[in-house]
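The values are calculated or read from the model by the stated rules, or taken from the named source; none is laboratory data. From a predicted model like this one, the values you see are computed outputs, not experimental measurements. Areas reflect the complete protein model, heavy atoms only, side chains present, ligands, DNA and RNA absent. Shrake-Rupley method; radii C 1.70, N 1.55, O 1.52, S 1.80 Å.
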Amino acid sequence: MSDKVRVAIIGLGFGAEFIPIYQRHPNAEMYAICRRNRQELDAIGDKFGVKTRYTSYEQLLQDPNVDAVHINSPIADHAPQSIAALKAGKHVASTVPAATTIEECRDIVETQRRSRKVYMMMETVVYSREYLFAKELYDKGELGRIQFLRGSHQQDMDGWPGYWEGFPPMHYATHCVSPCLAILGKHAEHVVCHGSGRIDETLIPKYGSPFAIETATFKLRDSDVCGEVTRSLFNTARQYRESFDVYGSKQSFEWQQVENEAPVIHTKSTAQAPLGEAEIPRRVKVPDYAHLLPEPIRRFTQPAAIQDAEHLSFLQGGGHGGSHPHLVHNFLMACLGKQPGMPDAETSVNWTMVGICAHQSALKGGEKIQIPRF
Ligand SMILES: NC(=O)c1ccc[n+]([C@@H]2O[C@H](COP(=O)([O-])OP(=O)(O)OC[C@H]3O[C@@H](n4cnc5c(N)ncnc54)[C@H](O)[C@@H]3O)[C@@H](O)[C@H]2O)c1
């Protein structure tokens, strides 16, 4: 097998941000792009010098030169397109969420097993510098025993493409669920969720979901730890927050703040090492983890560098904590069989199903829902 993976990117809104990273990764050939609108497809193809272009996803899958697809289409397409690609013998990277139903989640896992290809959900938060920092603290023993985890992802989606209108908040919960599970390397077992408030009457019928906020607690399998996550999308005055908090017996990490504010570490005062109240919380500067990447893509952990060098006017979420090059690198290494994809198919759908089952729970007034295992 060649040491270069030939990649095709599908969906060129958010998806276009990954083109320059694949182009510079030593183990990738940025081979093809796909989007239905020919004019816009050509505009991106010309800008980045990508020659192979498809307006039809089905035709792209028939191209034997495509080793791997990276799917960035609208949410409802993620699972069907992933399953079709695995059946066509391609490795799959799918943006979040993996799916919107339990049946699709089952289908992804079963098709991935039969195909023996890589399936990886491209969850940005678990490659953000804030998550990598908290994980490093935990792995070094500095947090002590983890007692509780909390994630929140609030985003005002007013004015976004139509498929977002009225979307159940928990159907897009992986950004807040994933760090809570990844740090302990566990899956979620069951979930309870409450819906709160009410969105505009005109938005409710689109997905039959009335809630402005959904807030869930879930139990980690083979663990005594619980996590809690909160989501909002419409009619709530909180423009953007993507955060998670880890409460440990020795130290706790809180990333629950206004964007770009430094996170806080709280240290437990003990008889052996007493701390004054003012010394207990301290803001920390989170380091960059570019050194984990091949040299040519290191600069992509800095969103400003990508924006300037590639003349991208549309970088979403400020590059999501420097995560994009880490996702690309992990996916390519998994395709080449050098390391497992993180998250793998089972983990991707577990993170996704916490949200799907949470929404079921909210619709049933907070009933406890078991998360299926495949
Ligand atoms: N942090 C993150 O992980 C993150 C951030 C932003 C967006 N996303 C995800 O990325 C996806 C895309 O987001 P966006 O804002 O670019 O959406 P968008 O709706 O603006 O763009 C979707 C793109 O997919 C293309 N497309 C649609 N159907 C297609 C098909 N059948 N075949 C080929 N191309 C098709 C469209 O032409 C467009 O280029 C969303 O599902 C969103 O969930 C994730």
Counting only residues 5 or more apart in sequence or on a different chain, those whose built amide H sits under 5 Å from that of residue 9 are 32, 33, 34, 70
Over all Cα pairs of region 70-114, how is the pair count split among 5 Å bins, expressed in % and running from 0 up to the last occupied bin?
-> 5, 27, 38, 24, 6, 0
Against the rule of thumb 2.2 N^0.38 Å, how large the Cα Rg of region 140-288 comes out | 1.20
May I ask for the percentage of alpha-carbon pairs in region 46-91 that lie more than 11 Å from each other?
-> 69
Per the Debye formula with a single identical scatterer at each Cα and no solvent contribution, what log10 I(q)/I(0) holds for region 104-206 at q = 0.12, 0.21 Å⁻¹?
-> -0.61, -1.23
What is the P(r) of region 17-74, as percent of Cα-Cα pairs per 10 Å bin from 0?
-> 22, 60, 19, 0
Where the chain is the region considered: accessible area per residue in Å², 1.4 Å probe | 42
Rule-of-thumb check for the chain: C-alpha Rg over 2.2 N^0.38 Å?
-> 0.98
State the percentage of accessible surface on region 1-110 attributable to carbon and sulfur atoms; use a 1.4 Å probe and exclude ligands, DNA and RNA.
-> 45
Long-range alpha-carbon pairs in region 195-257, meaning those over 18 Å apart, account in percent for 52
Residue span residue 258 to residue 113: 0.36 nm per residue of separation minus Cα-Cα distance leaves a gain in nm of 48.1 nm
Residue-ordered couplings for region 61-72, obtained by feeding phi - 60° into the Karplus form 6.51 cos²θ - 1.76 cosθ + 1.60 and rounding to whole Hz (Gly and Pro as x), are 5, 7, 7, x, 6, 7, 8, 9, 10, 10, 8, 9
Looking at the square roots a ≥ b ≥ c of the eigenvalues of the Cα gyration tensor of region 10-137, which shape do they give, rounded for a/c under 1.5, prolate if a/b is larger than b/c, or oblate?
-> oblate
Three-way shape label, region 198-354, alpha-carbon gyration tensor, a/c 1.5 | rounded
With every protein chain in place, region 196-289: carbon and sulfur % of accessible area (1.4 Å) | 53
Placing one equal point scatterer on each C-alpha of region 170-211 and summing with Debye, one gets log10 I(q)/I(0) at q = 0.29 Å⁻¹ equal to -1.06
Amide H to amide H under 5 Å from residue 275: which residues, 5+ apart in sequence or cross-chain, H placed 1.01 Å off N in plane?
-> 270
Amide H partners (placed H, <5 Å) of residue 28, local residues excluded | 5
